Amino acid sequence: MKNKKKQIKREYPTDTITKLQWTKEIGGVDLKSNKIVLPDGLLATNVKDKLKYFNIFTKLIKDQFVFGGKKYELLPGIESTDILTLSWGLEGLLWTINKYLFRFKNFHREKDLLKIATYMYILWLKYGFHLEEKHDTDTNKVDKK
């Protein structure tokens, strides 16, 4: 007999008070106040907020890869990310990124997010995207009238 996966039927609340309680647990929109309610501990952000703190974030990323470059330098000009990609190809870097994703999921530490962002930057460099004249971004697809 085959094991059938149980279908989960989601019950969505119908009254506003229940909706507000529901949104505090998993996030959503409070229909009465028309405001976004995020799970405890998370902040709503908009483009203005993101721009306001972007320089802080990029400085932290820069500090992370400069320190990491010194910390993991094996020979002049060769660091561990070179050895990871030489030994295991792309999977070496993806494994490391995933390790920090799982750490962040478990511990919610800022330093793990900074390491993920740093490894994404390194991956972007290793693929040579920085050498391209045009970049493949979603913003290229936006109709700029």
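Consider His108 against the criteria (1) surrounded by 12 or more Cβ atoms within 10 Å (Cβ to Cβ); (2) touching a Gly at 6+ places or on another chain (Cβ under 9 Å); (3) not polar (S, T, N, Q): it satisfies all of them except one. Which criterion is unmet?
Answer for His108: the failing condition is (1).
Which residue out of Leu75, Leu51, Leu94, Leu101 is over 14 Å from Ile122 (Cβ atoms), in contact with a helix residue (DSSP H, G or I) (Cβ under 9 Å, 6 or more places away or on another chain) and at pLDDT 70 or above?
Leu101
Here's a check for you: in the range 121-145, which residue that is surrounded by 10 or more Cβ atoms within 10 Å (Cβ to Cβ) and of a type in the set (Ser, Thr, Tyr) is modelled with the lowest pLDDT?
Across the range 121-145, the extreme among qualifying residues is Tyr127.
Looking at the range 59-75, which of the residues that are among the aliphatic types (A, V, I, L, M) and closer than 14 Å to Thr118 by Cα is surrounded by the fewest Cβ atoms within 10 Å (Cβ to Cβ)?
Per the stated criteria, the residue is Val66.
Determine, yes or no, whether Ile61 is at pLDDT 85 or above, of a type in the set (A, V, I, L, M, F, W, C) and out of contact with any helix residue (DSSP H, G or I) (no Cβ under 8 Å at 6 or more places or on another chain).
no
Check Ile56, Ile78 and return the single one that is surrounded by 12 or more Cβ atoms within 10 Å (Cβ to Cβ), free of Cβ contacts under 8 Å to residues at least 24 places away in the same chain and β-branched (Val, Ile, Thr).
Every option except Ile78 fails the conditions.
The values are calculated or read from the model by the stated rules, or taken from the named source; none is laboratory data. If you're wondering where the values come from, they're calculated on a predicted model, not measured in any experiment. When we count neighbours, we look across all protein chains shown, and the Cβ atoms used for this are built from the backbone with ideal geometry, even at glycine.
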